Every structure is written in structure tokens, then in C-alpha cells.
Amino acid sequence: MLSHLLRPRGRTISLRWVSLTARDLARYGLLFARKGEGIDGHLVGDAAFIEDTRRNPGPSYSTPIDWIRYSRQTATDGTWLGHGGYGGQYILVNPDTGTEVVYFSVLENESATGGPAFIAPRVTMMADLAER
């Protein structure tokens, strides 16, 4: 989800991999749940970009998760936005309800991913929770 971390003066200190706790990931997700609104109402994201990402999804993933579409570095079904991390983490945000769900796990297999069979039931569960 986070592709780089910047030092003051804009110098990159980390590319691609950033370690976050479940709480950190949840805080990050709030920016999507609140449609770009940060602390004290400051806009730090673009609500129109978030909506366009949901409403104009790109190609779908392969079966059995072909109901999930890839759009702008996120996964979506047109309602929620989600993104998985290396090793089993997943965040799913429903901006309509303002609800987010974070799944934090550690997968110790060759690929560090569970593949579609691992992802499908978890994303379904998270989407159901975020719908409430």
C-alpha cells in the first residue's frame, strides 16, 4: 500500500517495503474510509479519486476471485477498496459506511501469499463486516 517513505527534504529512505502494525494499517485505512479527510477535517486525500477508483475498476482477477477487480493499486468490487500485503495482511475499506477492516497474519510459505483460495473467504468476510 505504501510504496515509499520520505525523509524531510523529500529523500527516499525506503522503497516498496514498509512495516506497519495492524493499528498503523487501520489508521491509514481511515483516510479512505473518511474519503480523504484527515485529522481535524484537513483534506489529505482526494475524495473524487477514491470514488473514481471504485466506479471505474480495471480488469478482474482470475477465478475464484474474479469478482474482485484491480484499480489503481487497489482491489475493489465497486463498493469497497482493498489491498493485500506481503505475508497475509489485508485492509478493506467501505467509504459508504465509513468502516474498515484490517486482517493481520503471517504466512510462512514459499510465496508468502495464500493465493486466491486464502484471499477469497477473508475478503468476503471483511466486505460483510464493512457493509454494516
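Taking the Cα centre as origin and putting +1 on Lys and Arg beta-carbons and -1 on Asp and Glu beta-carbons, what dipole magnitude results for the range 31-132, to the nearest 20 debye? Intermediate results must be reported in sequence, preceding the final value.
Working: 8 positive and 13 negative charges, 23 e Å.
For the range 31-132, the charge dipole is close to 100 debye.
Just the accessible area per residue of the range 48-132, please: how many Å² with a 1.4 Å probe? The partial results should precede the final answer.
Values: 4550 Å² over 85 residues.
About 54 Å² of surface per residue is accessible.
Go ahead and run the numbers for FRET between Ser105 and Glu37, Cβ-Cβ distance against an R0 of 30 Å, rounding to 0.05.
Values: r = 29 Å, r/R0 = 0.97.
With R0 = 30 Å, the Cβ-Cβ based efficiency is 0.55.
Quick check for you: which residues of the range 80-103 have the amide N under 19 Å from the point 7 Å beyond the Cα of Phe118 toward its beta carbon?
Counting backbone N atoms under 19 Å from the label point, the list is 82-92, 102-103.
Apply the a/c threshold of 1.5 to the C-alpha gyration tensor of the range 71-112 and tell me whether it is rounded, prolate or oblate.
Numbers: a/c = 4.31, a/b = 1.91, b/c = 2.26.
Oblate shape, in that a/c is at least 1.5 and b/c is the bigger or equal ratio.
Take the alpha carbon gyration tensor of the range 13-132, find the square roots of its eigenvalues, order them as a ≥ b ≥ c, and report rounded if a/c is under 1.5; if not, report prolate when a/b exceeds b/c, else oblate.
Details: a/c = 1.65, a/b = 1.24, b/c = 1.33.
Oblate.
Quote to one decimal, in nm, the extra length available between Arg23 and Asp52 on full extension: 0.36 nm per residue of separation minus the C-alpha distance between them.
On the way: separation 29, 0.36 × 29 = 10.44 nm, distance 2.69 nm.
Full extension from Arg23 to Asp52 adds 7.7 nm.
The values are calculated or read from the model by the stated rules, or taken from the named source; none is laboratory data. What you see is a predicted model; the values in this text were computed from it and never measured. Backbone-built Cβ (ideal geometry, glycine too); neighbour counts: all protein chains shown. Heavy atoms of the whole protein, side chains included, go into the accessibility calculation; ligands, DNA and RNA do not. Shrake-Rupley method; radii C 1.70, N 1.55, O 1.52, S 1.80 Å.
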